[in-house]
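Here is the structure we will look at, set down as structure tokens.
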Amino acid sequence: MSVTTHPIRLLVVAGLALALALGATLLWPTLTGHTSSADASCAGPQAYPPKGVRIRPGEELTIKGRFFLADCYDTGQQGTPPPMKHVVLKIRQHGHTWRLGVADAKHDPLGTISWRVHIPQAVRPGAAVLVTGEFRSRVRVYAGPTRPPGHPTTPSRLPDTGF
């Protein structure tokens, strides 16, 4: 082996290694099924009581939500994704689950939704979870006097959304 062929072989091997690494990087998403760089951009639905409103047993209030969309259009589709329909809201606490209501999300870019609900007297103060299908939102239930039925408890804006 001469001195002049050694650097050429080194360049060929380095070029081949670079081509393999680049090929693996480009093919990996296709092989694993993650073909879009926006796979993680779909926000999961969130349900929550309006800011400043406390959940109390026996109380009637409005629970709001956003991102209740049937698709996230993360592969280049045009327009607004379709809203979710017939979304059941439940509250779960200490192994018990109560159905609070059902609603359809609005056809808007944020997939907003609201449920007018009555919190059952059996729900106790402490930690609880609002459940909509596979999505969960932790909430706190407070003790104390309830407001009279029909008392306005809902602000006119969703928190952090500009509505």
| Does Lys90 satisfy the criteria of being part of a loop (DSSP other than H, G, I, E, B), modelled with pLDDT of 90 or more and either over 30 Å from Ser114 (Cα atoms) or open to solvent by 50 Å² or more (accessible area, probe 1.4 Å) (or both)? | no
| Given the structure, is Thr97 among the β-branched types (Val, Ile, Thr) and at pLDDT below 95? | no
| When Tyr73 is evaluated against the numbered criteria (1) open to solvent by 50 Å² or more (accessible area, probe 1.4 Å); (2) among the hydroxyl-bearing types (Ser, Thr, Tyr); (3) on the phi < 0 side of the Ramachandran plot, which criterion, by number, is the only one it fails? | (3)
| task | Quickly run through segment 51-70 and pick out the residues that are aliphatic (A, V, I, L, M), open to solvent by 20 Å² or more (accessible area, probe 1.4 Å) and under 30 Å from Arg124 (Cβ atoms). | result | Val53
| request: Please enumerate the residues belonging to segment 125-137 that are under 19 Å from Gly58 (Cα atoms) and either under 13 Å from the mean Cα position of the chain (by Cα) or not in a loop (DSSP other than H, G, I, E, B) (or both). | output: Gly126, Ala127, Ala128, Val129, Leu130, Val131
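The values are calculated or read from the model by the stated rules, or taken from the named source; none is laboratory data. Remember, it's a predicted structure, so these values are computed and weren't measured experimentally. Neighbour counts run over all protein chains shown; Cβ positions are idealised from the backbone, glycine included. Protein only, heavy atoms only, side chains kept; ligands, DNA and RNA dropped before computing areas. Shrake-Rupley method; radii C 1.70, N 1.55, O 1.52, S 1.80 Å.
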